[in-house]
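Just so it is clear, none of the values below were taken in a lab; they were calculated from the coordinates. If you're wondering where the values come from, they're calculated on a predicted model, not measured in any experiment. Please note: Cβ atoms are built from the backbone with ideal geometry, for glycine as well, and neighbour counts cover all protein chains shown.
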């Protein structure tokens, strides 16, 4: 399978609330698949007309990132995080500003200037800054303004069976949805590339209100904690197939839909696993509660090191997830669900 489109998707710089770059790239790939609408929230929706049930497949376009909150007299740039990022991973990471591709590095006071207490604790976000090489506030303001967005700078690398890139949560879902939209179905299929998932799934609720789905599947790149010390702490395992969510902080999967998905996987000998954590949430939570609600489930590609510049997936997990969702859609089309 060719993964060039995934590279284009992960290379796009689009933190939550600043999805224009990735939306333009996705639009260029799906513009011939159906009727396209971009709403005021920034969601990109593709409608493949049919009859009967309304089926919504959602994948979010945005990624975690940074926003400029102040600029110091000496040119250091203070920032807030956009979405959930562990501050322990931030020191020395390279970032790139969305509006002008300006590179910077996240810095902190040198270790030889830290006292013993500081050295023994994770560095709090308030003590970090972005360094663009400016030596004064005036110089920095030539390139950066308050409210500017930045994202992790990271190279997409194909490692053979594995892919390493930034933003695989959820550009891997966007790539999946792009593939799914190439097929035709008798029902009304809505592909929703949603905005602002990382800051509360804001776009998904708006999209679902517009679409009014009967059935919805959220597709994600979900956390893969298979390098934890104790196997009981694993959430998903790289290479064990698509991860099916039973519940999380924002939603519980529809029993009917869940049973059909599991039966489909087992009948077709597609490896699968259950997502073994219930913390966090995704677009399924907002979609399931829009208007009168709808039957909802989440199917994810296990992803190591999400919300960092070096997330990783297995190609075979992606390919099995694609195969499973295609068969699930065919079963919905046949009226088996």
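Defining a contact as two alpha carbons under 8 Å apart and six or more residues distant in sequence, what relative contact order in percent does region 65-152 show? It would help to have the intermediate numbers written out before the result.
Details: 158 pairs, mean separation 40.4, N = 88.
Relative contact order comes out at 46 percent.
For helix 168-180, what angle does its Cα long axis make with the longest principal axis of the chain, in degrees from 0 to 90 and rounded to 10?
30
Specify the angular offset, from 0 to 90 degrees and rounded to the nearest 10, of the alpha carbon long axis of helix 255-267 from the longest principal axis of the alpha carbons in the chain.
In the chain, helix 255-267 runs at an angle near 80 degrees to the longest axis.
What is the fewest-to-most order of 212, 93 by other Cβ atoms lying within 10 Å of their Cβ? Working shown, then result.
Numbers: 212 14, 93 20.
Ascending Cβ contact count within 10 Å gives the list 212, 93.
Quick check: the distance between the Cα centres of region 173-219 and region 255-277, to the nearest angstrom?
After rounding, the separation between the Cα centres reads 20 Å.
Among DSSP beta bridges whose residues both lie in region 183-336, state the antiparallel percentage, nearest 5.
25
In 5 Å bins starting at 0, how do the alpha-carbon pair distances of region 65-152 split up by percent?
Percent of pairs per bin, in order: 3, 15, 27, 25, 16, 10, 4, 1.
Taking Cα extents along the principal axes in Å as the quantity of interest, determine which of (i) 66, 45, 38; (ii) 96, 48, 23; (iii) 85, 53, 36 was computed from the displayed structure.
Identified label for the calculated read-out: (i).
How many angstrom lie between the Cα centre of region 306-324 and the Cα centre of region 1-74?
Spelled out, the Cα-based centre of one part sits 18 Å from the other.
Taking the chain as the reference, fit the longest principal axis to its C-alpha atoms, fit the long axis of helix 202-211 to the helix C-alpha atoms, and give the angle between the two in degrees, 0 to 90, nearest 10.
Helix 202-211 and the main axis of the chain meet at about 20 degrees.
Relative contact order of the chain, please, whole-number percent, based on alpha carbon pairs below 8 angstrom and at least 6 residues apart.
This gives 22 percent for the chain.
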